[in-house]
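Chemist: A single structure is presented below for examination.
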Amino acid sequence: MDSAQRVHYNYQREPNAGPKQASTFPEEFMTINRIRRGLLQGGAAATTLGALGFPSISRGQTDAIRLGHLTPRTGFLGPLGEYAVMGVNLAVDEINAAGGVMGRKIELIAEDSVNPQTASTKAQRLIERDKVVAIIGEISSASGLAIAQVAQRNKTIFFNTGCNSDELRGKSCNRYMFHTEAANSMYVNAAGRALLRDGMVKGKKWYSLTADYAFGHDLLRVAKRFMQANGGEFAADELVPTDATDFSAYLLKIRNAKPDLVVSNLAGAQITNFMKQYVEYGLPFPVAGFGFDTAVAWGAGKGNVLGIWPLVWDSQVKTPASQRFTEAFVKKNGKPPENQAWGDYLSTKHLAQAMNEIKSTDSTKVVEHLEKGAKFDLLKTREGYYRNWDHQLMMEMYTLTFKPADQVKTQWDLFTLSAPVPGANESLESIAPTREENNCTMPT
Amino acid sequence: MLVQILEQVLNGLLVGAYYLLIALGLSLIFALGGLVNLAHGAFYALGAYIAVSLADRLGFGGVLLASPALVALIGLVIERFLFRRFYRSDPALGLLLTFGLAMVAEQTLRLVFGAAPLPFSIPSALKGQVLVGDFIYSRYRLLMLAIAAAAVAALWWLLQRTSFGRVVRAGVQNPEMTAALGISLEPYMAAVVAISVGLAALAGVLLAPITGVHPAMGADILTASFVVVVIGGLGSFWGVVCAALIVGVVRGLTVYFYPAAAEASMYLLMVLVLLVRPRGLFGERILRFE
């Protein structure tokens, strides 16, 4: 799942502007302007609070294979990043317990990616100084793009575990980036099929709210294409700033517009706040969304989220591998895995499996192996593969429907999961973006 | 359309109450102690987390009282051992101290409760909507407005109608003269900090059922509250109240006409106010800051 990068203002004091005490005057003579400047600087400093994180580095033996992990650990995306870290740690534990990669242990170097600039710097450092064989992670599409560029320059493989934007698979694709996270198109097509089934598209008026940044814009474009292709129309589509916490003004507008369906292209905490307040105002219109993470619903609580949403994986998937993963995760972390944990766990497993299969840690050889269509277990019914022309993992998706509050048994059990989409007799590619929709030309 | 705009204006007044409880405390601590409290948002977050932790045992009504009281106690301790050393020092040191405190608080919440948001719902007795003609109000928000209004009224009474308030106001205007009259401001400052952070915690409890409870929630609301204080004018009680309501209304109207700029509207408003009236709308002339 994807979300905003906050803008971090680096507060640098001008030489004479600081609240340095004037030596000849007692402080009573400080000007009100100086004081106000202090206040304004205070506000700017406050916005950087979320920017500082603490790297956790676990170093082991020197002959180990080093793996870099970058994901936002603080700020807007911190909640998802926390699950990503739990996922990658569990995967490394399991790989090492099973003999490592070609007999060598994996050593994980995990850091907070913070924002695109920091992500880029840290990716470069992981490759140059720490000599990692691959980088795994990221949730923000903007930071994901920054890491992908470093990865390509250094011919080091990068597994994107949480950025959804189609653009990363299309216009910005590159040979060293692989996408375990589903693309926006796959999310839209999965939820869209449920909407078509329920007659919520043809001739219906949608009111959509979209997170106002790269991910949201990308999602809106894809959602609009789907809606228009299937005969729906917008009552309105509105952009919502990523730092919005109060939705009452939007809810009043929605109420007056009387749409047939309210569509969320929101991200992260926006979804939690929007859904809590939608339920608070008791609006009667059905709700659906095209971007979703389970942590968002867990954070809203029972009875506070409604409607139909797409999901890439959930612990309710009843395959044996999925249940083994869930049990191991609960044992280690004391709570069930979120879909972001699945992404980072799975990518790490795929990388180790590929390296063991070709008996090499060389990124270019791993890329060639994956491009030949190597098959992987996804903790789902069907195996998947990374599509050779855009490096998107081809896989089943799910949709979920929220239960009424009185049917909820635990705080983790808020929704029911659909059968896999696409169905067993369809190609996995049927929900993925086509070449016409999202063409990728790998730079040489 | 006119009806819808009126609806947004009324709703905006309600939204303004969000920032009010936090901005008033910020303004008070700054006016009396000269301390820009960047940790104010942390007390707001702490209030929400305490509410979530104790709600099962005490109920919503219980945490509405217990959480601000507990946070006020914590505020007293922090005032005694940390804030007190910085009232008379270079404002940059106070900024550093409270900035550091805010970081420590956020990371502590993250370590103890995890980074994921915690669920917290509106108590079932307060769920539902009130329809007035064509307008819709959330019952919970009406209660929230009533509590916020009561807290603001109580604070106003305390500052304007009691001997405690007279000393505080004198201290804001002229600490030297107050000291020369034989009044020590130290206990008053401690009380002001306790009240201010208590109000922030109250805001945390009230907003927890509407917005997400997560470690960074304090940093999120702090910036907006600063803007309200700057627009309203330093040291002005009613300035802060008016600014909060104006910010709410302007935001509501922006959502109506141009939603993408909703959060930017308050910053534009601040720029406008500072250009026209650098002291803020109702900023008093405080001698020692001139």
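Chemist: Under a crude label model (7 Å from the Cα following the beta-carbon direction), how far is A:Arg382 from B:Ala170 in nanometres?
Modeler: Label-label distance for A:Arg382 and B:Ala170, simple model: 8.2 nm.
Chemist: Which of these, B:Gly41, B:Gly212, B:Gly25, has the largest mean-square fluctuation under a Gaussian network model of chain B (Cα springs below 10 Å)?
Modeler: Between B:Gly41, B:Gly212, B:Gly25, it is B:Gly212 that shows the largest mean-square fluctuation.
Chemist: Within the set of other residues whose C-beta is less than 10 Å from the C-beta of A:Asp377, count the net charge using Lys and Arg as +1 and Asp and Glu as -1. All intermediate terms of the calculation are to be shown ahead of the outcome.
Modeler: Values: positive: A:Lys349, A:Lys375, A:Lys380, A:Arg382; negative: A:Glu383.
Net charge around A:Asp377: +3.
Chemist: Suppose only helical runs count, i.e. DSSP H with n ≥ 4. What mean residue ellipticity at 222 nm does that imply for chain A under -39500 (n - 2.57) per run, divided by all residues and rounded to the nearest 500 deg cm²/dmol?
Modeler: -12000 deg cm²/dmol
Chemist: Which FRET efficiency, nearest 0.05, do A:Arg129 and A:Lys331 yield, Cβ-Cβ r, R0 25 Å?
Modeler: The value I calculate is 0.15.
Chemist: Cα centroid distance between region A:273-310 and region A:107-132, in Å?
Modeler: 35
Chemist: Once phi is turned into θ = phi - 60°, what whole-Hz ³J(HN,Hα) does the Karplus curve with 6.51, -1.76 and 1.60 give for every residue of region B:58-68, x standing for Gly and Pro?
Modeler: Using θ = phi - 60°, the values come out as 9, x, 5, x, x, 6, 4, 8, 5, 5, x Hz.
Chemist: I've got another one for you. Among the aspartates and glutamates, which fall within straight-line cross-link reach of A:Lys359, defined as a Cα-Cα distance under 17 Å, with same-chain neighbours fewer than 8 residues apart omitted?
Modeler: Candidates past the 8-residue exclusion: A:Asp63, A:Glu368, A:Glu371.
Chemist: DSSP beta bridges in chain A, what fraction antiparallel, as a percent rounded to 5?
Modeler: Around 30 percent of the beta bridges assigned by DSSP in chain A are antiparallel ones.
Chemist: Which of the cysteines found in chain A have nothing to pair with, since no other Cys Cβ lies under 4.7 Å from theirs?
Modeler: A:Cys163
Chemist: Measure out, as a whole number of angstrom, how far apart the alpha-carbon centroids of region B:221-290 and region B:27-94 sit.
Modeler: The two parts, judged by their Cα centres, are 23 Å apart.
Chemist: Most mobile of B:Arg110, B:Arg161, B:Arg251 per a Gaussian network model of chain B (Cα springs, under 10 Å)?
Modeler: Per the Cα network of chain B with a 10 Å cutoff, B:Arg161 tops the list.
Chemist: Have a look at A:Asp377, A:Asp112, A:Asp63 and tell me which one the Gaussian network model of chain A (Cα, springs below 10 Å) gives the largest fluctuation.
Modeler: Of A:Asp377, A:Asp112, A:Asp63, the Gaussian network model singles out A:Asp63 as fluctuating most.
Chemist: Next up: Would you calculate a helix-derived [θ] at 222 nm for chain B, using -39,500 (n - 2.57) for each DSSP H run of n ≥ 4 and dividing by the full residue count, to the nearest 500?
Modeler: Rounded to the nearest 500, the figure is -25000 deg cm²/dmol.
Chemist: Follow-up question, since we're still on this one. At what distance in nm do the modelled label points of B:Ser184 and B:Asp134 sit from each other, each positioned 7 Å from its Cα along Cα→Cβ?
Modeler: The modelled label-to-label distance comes out at 6.3 nm.
Chemist: Among A:Lys224/A:Lys349; A:Lys276/A:Lys409; A:Lys332/A:Lys372; A:Lys155/A:Lys375, which pairs are too far apart, with a Cα-Cα distance over 31 Å?
Modeler: Violating the 31 Å Cα-Cα cut-off are A:Lys224/A:Lys349; A:Lys332/A:Lys372.
Chemist: Where does the charge balance sit around A:Ala229 when Lys and Arg score +1, Asp and Glu -1, over other residues with C-beta under 15 Å from its C-beta?
Modeler: Taking every Cβ under 15 Å from that of A:Ala229, the sum is +3.
Chemist: Cβ under 13 Å from B:Glu106's Cβ, B:Glu106 left aside: what net charge do those residues give with Lys, Arg +1 and Asp, Glu -1?
Modeler: Taking every other residue near B:Glu106 into account, the sum is +1.
Chemist: How many angstrom separate the Cα center of region A:212-250 from the Cα center of region B:142-182?
Modeler: 46
Chemist: Testing the spin-label approximation: label points 7 Å from Cα along Cα→Cβ at B:Val271 and B:Leu93. State their distance in nm.
Modeler: Result for the modelled spin labels: 3.6 nm.
Chemist: Counting other C-beta atoms within 10 Å, which of B:Thr211, A:Thr410, A:Thr399 has the fewest, and how do the rest follow?
Modeler: By the 10 Å Cβ count, ascending, the order reads A:Thr410, B:Thr211, A:Thr399.
Chemist: Tell me, in nm to one decimal, what length is gained between A:Ala257 and A:Gln117 on full extension, where the rule is 0.36 nm per residue of separation less the Cα-Cα distance?
Modeler: Taking A:Ala257 through A:Gln117 to full extension adds about 46.3 nm, to one decimal.
Chemist: List the aspartates and glutamates whose Cα lies under 19 Å from the Cα of A:Lys205, skipping any in the same chain that are fewer than 8 positions away.
Modeler: A:Glu233, A:Asp237, A:Glu238, A:Asp260
Read the figures in this text as sums done on the coordinates, not as results from a lab. A quick note: this is a predicted structure, and the numbers were derived from the prediction, not measured. Here the Cβ is made from the backbone with ideal geometry for all residues, glycine too, and neighbour counts use every protein chain on show.
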